[in-house]
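Contents: one structure, followed by commentary.
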Amino acid sequence: MLRPLLCLCALIALTSAQTFTESSVVNISSCPITYYGQQYEQLYVNITSGNVTVCFNGFFSPETGGDCIVERSLGAEQFYYYIMLQPSTADVDYVRQYFPTIQNSLERYFLISFPHVSVFLYHIVKSDWCQMYRPGTVISSEPQTCFSFTCNETAVLNTSSCGALERCQGNGICVLDTMLASTCTVTGPTVIDVHGQINSIQDRCAYSLFSTPSLPDFHVLGNFRDRRRKDVSFLDSVTLRVGGHYIHLEQGGRVQLDDSTLTLSSSPQLVHGVQLSKDQTGVTAELSNLIISVFFDGNTAQIHLEGPAGSSVEGLCGNSSSSLSDLRLSEYSSTSCEMQYSEPADTTIDCTSVTERREAPFSSCNTDIDPEPYITACTDTLCKYPAVDGLNCQFLKAYARACSLHNHALDGWTSNTGCSSEAFCQDRTCSDHEFCGEKTVGGDTRCFCRAIFASKYQAINSLGDATVCMQDSASVTLVGCLLEDKGIDYSALHLNDPTCRGRVDELTHMVTFSFNSSNSCGTVVTTNNSQVIYKNTIMNQNSSSDIITRHDQVSIDFSCVQTQADIKTATFRIRDSSVIQHITSGVWDYTLTMCATTDVGHTQAVQSSTEVQLIQKIRVQLKTDGLDGDVVVVVTDSCWATDQPSTNSTPRYDLIINGCANPADQTVQVEDNGLGTSNYFSFSMFQFTGSSGEVYLHCELHLCPKQNNCVPTCPAGARRRRSARSKYEGEAFVSMAWTH
């Protein structure tokens with residue numbers, strides 16, 4: 001059976017045919033043959049035992065066999081071979097006549113020919129091989145190189161070997177090649193890429209750290225934020241974009257999958273093809289194929305690749321030719337993230353001491369992991385930022401872990417340096433405007449305000465936001481981390497009423513104090529001309545048994561001033577039965593209705609068809625809807641009648657004066673004035689002498705805080721009203737008209 005073999009050779013001229021009469025070794029180095037994955041530069045050709053043999057690794061032996069093509073000789077006693085390059089059409093047709101299964105273009109070949117027998121070796125594409133074998137046949141398998149050819153069910157040749165990140169163990173098994181491993185370290189504001197080059201991030205934006213075309217659905221992002229200083233940024237969190245999902249590695253070891261929080265342990269948890277685990281050193285995310293791992297301890301991220309690093313790695317970790325602006329991700333950044341800040345230099349910083357630990361125990365790793373980028377990152381950061389919050393150990397830990405990723409055991413480095421391998425601030429969760437830091441160097445930790453966030457409060461010497469005033473309530477919110485900066489324990493704070501304490505938002509750590517109409521919390525109500533002021537105080541708890549205290553006394557006043565805007569005069573005739581005003585002003589939104597009735601129960605409204613007789617009793621109701629009766633009451637100050645629509649026209653006849661019935665008119669009666677959100681008055685119908693017969697009724701009202709005494713005092717012979725101090729700003733006028 002004739003078998004075609006792959007011949008990969010350079011372009012050479014046609015070589016004349018050579019004839020041999022005995023076993024010979026043919027030099028084919030100018031056109032070496034790759035046979036079953038092995039390249040050969042010599043052919044061993046002979047005629048023996050009635051067979052023609054062409055072998056690649058020695059002359060044919062019936063006992064041992066070998067890599068050979070064996071055919072019956074049919075009496076041949078000599079052979080010849082020649083190399084053909086750029087064959088003519090006739091040559092190709094001649095070959096295809098005797099080898100019809102060959103579909104290749106036959107750009108070059110050489111022929112070993114015996115009388116009656118020809119062995120044809122030619123240059124073909126790999127897919128042609130499978131035309132000679134059954135589907136699923138392994139054409140070649142070389143354990144030493146892990147290289148094999150297999151024909152699939154569609155007669156297509158599949159090749160397999162170790163991947164770019166693997167090496168062959170010599171037994172047909174591919175394993176990861178740790179000699180090709182590389183690490184990208186992001187710590188503080190510094191990125192040390194896989195080539196050992198460094199970049200420094202000066203803003204507070206999100207950046208692309210790692211991506212590769214071979215893993216299009218995997219992308220690592222780094223988010224940078226400020227801490228104690230506005231002009232120095234730190235890596236704050238790492239985001240893994242896996243397919244359409246986002247895995248956020250955050251401070252304190254918190255891990256978010258999209259919008260939900262994950263609970264992790266040291267046992268890997270598979271999430272969308274990523275194995276997530278957490279221990280005392282930090283959080284590790286590994287792709288399921290174990291080629292790439294991402295580690296984050298809240299301060300330092302290390303992306304480790306088990307394979308050659310080069311142009312295939314993109315982002316800050318790989319392609320150093322890209323500018324920072326090209327790698328900045330605006331869609332994941334705040335709109336002001338690029339704003340630059342300047343602050344005075346910290347005079348307490350000593351730059352000369354920041355590289356004291358650069359020697360042993362790290363010297364054994366220096367040949368594999370260059371320490372200079374880490375030393376530069378450490379020096380640049382600690383020369384402008386104080387060595388607090390574990391920063392003096394942060395760069396040492398990053399270098400030590402990079403060494404361990406490359407199989408360097410640095411035993412005793414923690415004891416020699418006084419550092420810990422455990423993550424700083426592990427399991428302490430701070431809000432978005434906070435970061436975790438040390439209360440004292442080497443001491444307990446807490447959440448601190450970020451410098452930029454705190455600056456807007458410090459500029460106005462405030463501990464929180466402005467008071468929020470509503471119609472029946474008021475609240476003020478203080479910033480938890482600012483209170484801690486002042487040494488103030490929020491749990492000891494209360495309002496004038498000691499039972500009214502602040503509520504803490506567990507996510508933002510903001511503390512809110514409030515009071516409302518149902519619980520005034522000791523609110524003091526005062527008036528200033530026509531304004532009503534509600535005032536309360538946030539104070540810390542004092543014990544009457546304490547003779548001394550070492551904490552600052554807290555007294556934070558907050559207040560709300562409420563006013564009532566003017567209501568324009570509206571004039572209607574009584575045939576409309578009632579006058580309705582919808583009033584919206586400031587925090588107040590309510591309806592005022594003035595209606596006339598003829599019965600004591602205020603059920604029989606005066607209609608346009610109602611004939612009102614002189615001396616007939618007219619009852620007027622002033623009613624409001626939309627006011628909280630626990631907060632305010634309505635007081636009718638005065639009511640009067642005119643024969644013209646204008647409230648200031650003359651003649652004028654008074655019915656209510658200073659909240660009390662006109663003592664000169666014994667028919668006038670006033671009910672419930674200052675007791676609720678509605679009141680009443682009545683009088684006997686009258687007309688103006690010599691007028692047109694039209695009567696216009698006008699009333700002036702105001703709102704009054706219920707906790708004050710709002711009922712007008714009307715003793716016999718005295719017509720004075722309550723003090724004006726409790727009256728809201730503005731007067732309300734409402735008018736009715738009817739024709740007698």
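The values are calculated or read from the model by the stated rules, or taken from the named source; none is laboratory data. All values reported here derive from a predicted model rather than from experimental measurement. Using ideal geometry, Cβ is built from the backbone for each residue, glycine included, and neighbour counts are taken over all protein chains shown. Areas reflect the complete protein model, heavy atoms only, side chains present, ligands, DNA and RNA absent. Shrake-Rupley method; radii C 1.70, N 1.55, O 1.52, S 1.80 Å.
Some values worked out for this structure:
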| quantity | calculated |
| --- | --- |
| For segment 605-700, convex hull volume per residue from C-alpha positions, Å³ | 119 |
| Val138, Val476, reordered so the largest accessible area comes first (probe 1.4 Å) | Val138, Val476 |
| With DNA, RNA and ligands ignored, accessible area of Tyr94 (1.4 Å probe; Å², nearest 10) | 120 |
| Residue pairs, from the table Lys617/Lys706; Lys535/Lys623; Lys456/Lys535; Lys439/Lys535; Lys397/Lys456; Lys230/Lys456, whose Cα atoms sit over 23 Å apart | Lys617/Lys706; Lys535/Lys623; Lys456/Lys535; Lys439/Lys535; Lys397/Lys456 |
| By average C-beta atoms within 10 angstrom, highest first, the peptides 416-424, 497-505 | 416-424, 497-505 |
| Hull-based mean projected area of segment 333-439, where the convex hull spans the alpha carbons, in square nanometres | 9.0 |
| Probe 1.4 Å, all protein chains present, accessible-area order of Phe210, Phe686, largest first | Phe686, Phe210 |
| Ile580 accessible area, assembled protein chains, probe 1.4 Å, Å² | 110 |
| FRET efficiency, 1/(1 + (r/R0)^6) with R0 35 Å, evaluated for Gln256 and Ser160 via beta carbons | 0.35 |
| Accessible-area order (highest first, 1.4 angstrom probe) of the listed residues Phe683, Phe733 | Phe733, Phe683 |
| Counted charge near Thr187, where neighbours are those whose Cβ lies closer than 11 Å (Asp, Glu -1; Lys, Arg +1) | +1 |
